[in-house]
Amino acid sequence: MGRILIVDDTLFMRTLLKNILSSGGHEIVGEAEDGDIGVTKYKELKPDLVTMDVVMPKMNGIEALKAIKALDTNAKVIMCTAVGQEQMVKLAIKSGARGYIVKPFQAPKVLEEIGNVLGA
Amino acid sequence: MAEVPAKLEKDGSWVTSRIDIGNDGIILKDPWNVTVSYRSIIDLQKRGQVIILVATMPDKTERQYKIASVEKVLAILTKKVIMAANAYRIMAHFMSPAIRGGVLVTDAKWEKGAISVLKTGIWFVSQEKQISVPLKEVASLELTKRELQKKKLDVIKIDHLESGEVVTSFILCPLSTLQVLYNFLRDATKEMDMKGSELDQLDAQAAQVAMLIYSGMDTKSIENMLNLPPEELNAIYETLLKLKLVDVVMVRKEVQLTPKGVRYITDALKPPS
């Protein structure tokens, strides 16, 4: 089980992810509503894994991912995006993302992916 | 191919028999003793180790044949049928599954093969794979773009249900063919389209509830997450049911203790004398 930071600009998505991840036995150590705050919270909380929305105000998910990887090359970040933005996948993977979740998602598959990345 | 053992069903009974998979058709021995030409086949479904073929007879009636055999035989038969059946068929590239339950399948790759649209389903067949997507399980269709070898190419994106999971597959072929295939599939699945009057019945909260159901949340979790009283959630469920967006899978009971129940609990909690 892991300590997870959720970065997403919508409260609804954060709450949904929090519910799914908690039900899988993970600890939600923090939440952030944009990339900028996400990077700050990463420094502060040192989570085992980050779920990162791609489209966010101020600093988007890809920029935040790069900033986190600059701080910690071993950081485990799973990107989370809406249908139709799959072209961001290559960019995210190139920037160091360990996984990619497309909204809408199903709880068991999300937990499986999180488990795979945490176990890797 | 030489004759191979198989079981054939007729009138509800299975008979140990043999089949001969030829170039133009399949010979079904006892109890059918018939040659079914691939060109007459309009549908193919696979359920475990059984293949169900539907063929059009000379008198225009349809006849169903059920064949059970080992996987290797069924795979050969499936390929023959897909490549020659009376169906809309194109050569194309496909990627299936590309996304499963919202999680990107990391080892997904484009496969070259044939796509055949039969009466009840779409079949993807390549050297390595045979994938069937029943039309009734197609949740959405979209003409979109996907990057391949640094080029943005037009693809059809199909979301379909597979054992309760939402799976996304992609089809890639020349745009003109893609458009024809897309229109064909849209037409074949048009009964799932939402009408404007139906959409009007769904507000933002109903959409949130539907999203949470999609994610696998149960009723209690949805009530807690959206801070909804049970009556309001029930009303939203009724709307979703009326629009055939959900099915009832279980009816939970909310109960309270009767005086007899209260006495039972009170007695049970008394220290032993």
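The values are calculated or read from the model by the stated rules, or taken from the named source; none is laboratory data. All values derive from a computational prediction rather than experimental measurement. Cβ placement follows ideal geometry from the backbone for every residue including glycine, while neighbour counts extend to all protein chains displayed. The protein model used for the area step is the full one, side chains on, heavy atoms only, and it has no ligands, DNA or RNA in it. Shrake-Rupley method; radii C 1.70, N 1.55, O 1.52, S 1.80 Å.
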Heavy atoms only, 1.4 Å probe, whole protein assembly: order B:M194, B:M250, A:M1 by accessible area, highest first. A:M1, B:M250, B:M194
Rg/Rh of the stretch B:96-145 (Cα atoms, Kirkwood Rh), to two decimals, equals 0.96
Would you be so kind as to list the residues of the stretch B:89-106 that have their accessible area lowered by at least 10 Å² in the full protein complex compared with their chain by itself (1.4 Å probe)? B:I99, B:R100, B:G101, B:G102, B:V103, B:L104, B:T106
Solvent-accessible area of B:T258 with every protein chain in place, 1.4 Å probe, in Å² to the nearest 10: 80
With a 1.4 Å probe and every protein chain kept in, tell me what percent of the accessible surface of the stretch B:1-63 is carbon plus sulfur. 48
Estimated Rh, the stretch B:46-162: Kirkwood, alpha-carbon pairs, angstrom: 15.8
Output the residues of the stretch A:14-30 meeting this criterion: accessible area (heavy atoms, 1.4 Å probe) in the chain alone minus accessible area with all protein chains in place is 20 Å² or greater. A:T15, A:L16, A:N19
Test of understanding: what is the full-extension gain from B:N224 to B:Q201, defined as 0.36 nm times their sequence separation minus their Cα-Cα distance? 6.0 nm
Ignoring ligands, DNA and RNA, what percent of the 1.4 Å accessible area of the stretch B:199-273 is carbon and sulfur? 56
Kirkwood-based Rg over Rh for the stretch B:10-98 (C-alpha set), two decimals? 0.98
Report the local net charge at B:Y88: Lys and Arg +1, Asp and Glu -1, summed over other residues whose C-beta lies under 12 Å from its C-beta. +1
If you roll a 1.4 Å probe over the stretch B:70-176 with all protein chains in place, what percent of the accessible area is carbon or sulfur? 54
Could you give the semi-axes, largest first, of the ellipsoid that matches the protein assembly as shown, computed as the square roots of 5 times the alpha carbon gyration tensor eigenvalues and rounded to whole Å? 45, 31, 21
Sorted by accessible area with a 1.4 angstrom probe, largest first, how do A:L21, B:L143, A:L71 fall? A:L71, B:L143, A:L21
Other residues with Cβ under 15 Å from the Cβ of B:K79 give, with Lys and Arg +1 and Asp and Glu -1, a net charge of +2
Pop out a list of residues from the stretch A:86-120 that are at least 20 Å² less accessible with all the protein chains around than in their chain alone; 1.4 Å probe, no ligands or nucleic acids counted. A:E86, A:Q87, A:V89, A:K90, A:Y100, A:V102, A:P104, A:F105, A:Q106, A:A107, A:K109, A:E113
Going by the alpha-carbon gyration tensor, a ≥ b ≥ c the square roots of its eigenvalues, is the stretch A:10-53 rounded (a/c under 1.5) or, if a/c is not under 1.5, prolate (a/b greater than b/c) versus oblate? oblate
Can you compute the equivalent ellipsoid semi-axes for chain A, i.e. the square root of 5 times each eigenvalue of the Cα gyration tensor, sorted largest first and rounded to whole Å? 18, 16, 14
Kirkwood Rh and Cα Rg combined as Rg/Rh, the stretch B:105-179: 0.94
Given that compact globular proteins tend to follow 2.2 N^0.38 Å, what is the ratio of the alpha-carbon Rg of the stretch A:60-120 to that value? 1.10
Within a Cβ distance under 11 Å of A:K109, other residues only, what is the Lys/Arg minus Asp/Glu net charge? -2
Can you bin the stretch B:164-255 into rounded, prolate or oblate? Criterion: square roots of the alpha carbon gyration tensor eigenvalues sorted a ≥ b ≥ c, rounded for a/c under 1.5, prolate for a/b above b/c, oblate for the rest. prolate
Quick calc of log₁₀ I(q)/I(0), the stretch B:212-254, Debye, one scatterer on every Cα, no solvent, q values 0.17, 0.32 1/Å, result -0.46, -1.39
Calculate I(q)/I(0) for chain B by the Debye formula, one identical point scatterer on each C-alpha and no solvent, and give its log10 at q = 0.11, 0.14 Å⁻¹ to two decimals. -0.79, -1.07
At 1.4 Å probe radius, can you tell me the per residue accessible area of the protein assembly as shown in Å²? 54
Roughly how big is the B-A contact, given as buried accessible area in Å² (both sides, 1.4 Å probe, nearest 100)? 2000
